[in-house]
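Some notes on the structure that comes next.
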Amino acid sequence: MNNKIKLAVASSVLALSATANAGIVIPAGDWTLDVNGNVNAFATWSDADKTKGTAPTGGMASVRDSDNESNTQEINTGLLPSWLGFTGTTRQNDVDVAFTISMQPRVSDNGAAGDAGTPLFRQSFVTFGDKSWGTVKLGKDLGIFAGQAISNDMTLLGVGGGASMVSGANTTYGGIGTGYIYAAWKGQVSYTTPNMNGFTATIGITNPNQGATANNAAVASDATNLYQDRYGIEGQAMYEWTGDVAGKVWASFASYDVTGNVDTGVTDSYTADVYDIGVALNSGNAGLVAYYYDGDGVGTTVMHGNGAYANTTTDKFKKRDSDGGYIQATYIIPTGTKLGVAYGVSNLDNASGQTEATLIEKNERWTVGAYHPLTKHLNLVAEWNRIESEGQTSSNNAEVDALSLGAILFF
């Protein structure tokens, strides 16, 4: 695989499934084992000098710390954590069978001895199927909804938003919260159709992750008392093609039921729904990605984050509308370096009839990046990111600029 192609697809193959990325292949009887992954680290310098007022609830831009310091530095993994994956494949009784287990150690943490952090374990799943009738997946993997949004984000090779977090975080945010909702890593049972001349579709049930929150200062317990009371339902349809202008177009959706305490001793339920649509095009050395999502009750940044308001007068949850997207353009210059620029935004509306001055209204991101394949497997990365967070009132705004320099090695 040449450098240009590897740089273009490395983010997708690692984010979606280790089975797609050939690493160190080991024959083992009836099985073929594949050991694959990446190692990455970035030094980041951030400046939050332009922060005004108090950071809004749900804001992605960092603010001055408790000592009124505006500049921070860190050495950390980027959006894609360091990765070690193990995949086994075999064909038995006319069925393709595979498993994937992976772990993701962090680069640094804030323990005095530097070893307080524990690794993540984002994948543990089995698949079985055949190209004639499709594939079934059972286990933990990237969510179906918004999976393409993150896998086509160029900052998956770098840092993106969240670069100004203190050292020791598991990962940065990339475009999460500034262009798309995090697909997250979910227990799931799904079915994907066979490839029908470039068209595939996936439908599945996902683990009802307990991530829902509601904003209401009068009901402090809301943040911990929301839960999903059925499986999530997620699906995707995608069409891919080749040629002088190659690419893919996709649409996905997710639906959840959420129940919680709207007031002391009073519960209420609502349905949270979201859909998205995106396109990725490549022609010669140029690439373009455009993506949009629209949700009702799903909130922003993470699924269900600030997705509803607990109205204690009516004892009902009032859902918030949210939408956003990103556009990204890249070009590979003769040196093999991929240059890219991206703009992303995530919007969150106040619930109808409600006004929460401290709530986030809009998180915006500008990214300019350079990704250079120094070798077949090693890419040097330089990124500049600006994150702006605007609250529902002008007194709750934050802005941060961050420069990141580092490298990511795929194997």
**Message:** If I build a Gaussian network model for the chain, linking alpha-carbon pairs within less than 10 angstrom, which residue out of 201, 41, 398 has the largest mean-square fluctuation?
**Reply:** 201
**Prompt:** What FRET efficiency do you get for residue 131 and residue 403 if R0 is 60 Å and r is their Cβ-Cβ distance, rounded to the nearest 0.05?
**Reply:** 0.85
**Prompt:** Hey, what D do you get for the chain in µm²/s if you plug the Kirkwood alpha-carbon radius into Stokes-Einstein at 25 °C and 0.890 mPa s?
**Reply:** 111
**Fill in**
Rounded to the nearest 500, the 222 nm mean residue ellipticity computed for the chain from DSSP H runs (n ≥ 4, each -39500 (n - 2.57)) alone is -1500 deg cm²/dmol
**Complete:** For region 3-410, averaging the sequence separation of alpha carbon pairs under 8 Å that lie six or more residues apart and dividing by its residue count, the contact order in percent is 18
**Item:** Scattering curve values for region 268-411, log₁₀ I(q)/I(0), Debye with Cα scatterers, q = 0.19 Å⁻¹
**Value:** -1.12
**Prompt:** Quick one: length gained pulling residue 375 to residue 203 fully straight, 0.36 nm per residue minus the C-alpha distance?
**Reply:** 58.1 nm
**Prompt:** P(r) for region 78-139: what percent of alpha-carbon pairs falls in each 5 Å bin, starting at zero?
**Reply:** 4, 15, 19, 15, 13, 10, 9, 6, 4, 3, 1, 0
**Item:** Extension reserve of the residue 93-residue 239 stretch, reckoned as 0.36 nm per residue once the Cα distance is removed
**Value:** 49.6 nm
**Asked** So, with +1 on the Cβ of K and R and -1 on the Cβ of D and E, and no other charges, what is the size of the charge dipole of region 3-410 about its Cα centre, to the nearest 20 debye?
**Response** 960
**Request:** Please go through the residue pairs 248/338; 140/319; 319/362; 186/319; 140/338; 137/316 and name each one whose alpha carbons sit more than 26 Å apart in this structure.
**Result:** 140/319; 140/338; 137/316
**Item:** DSSP-defined antiparallel bridges as percent of all bridges, the chain, nearest 5
**Value:** 95
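None of the figures in this text is laboratory data; all of them are computed from the coordinates on show. All figures in this text were calculated on a predicted structure; none of them were measured in a lab. Cβ coordinates were reconstructed from backbone atoms using ideal geometry, including for glycine residues, and neighbour counts include every protein chain displayed.
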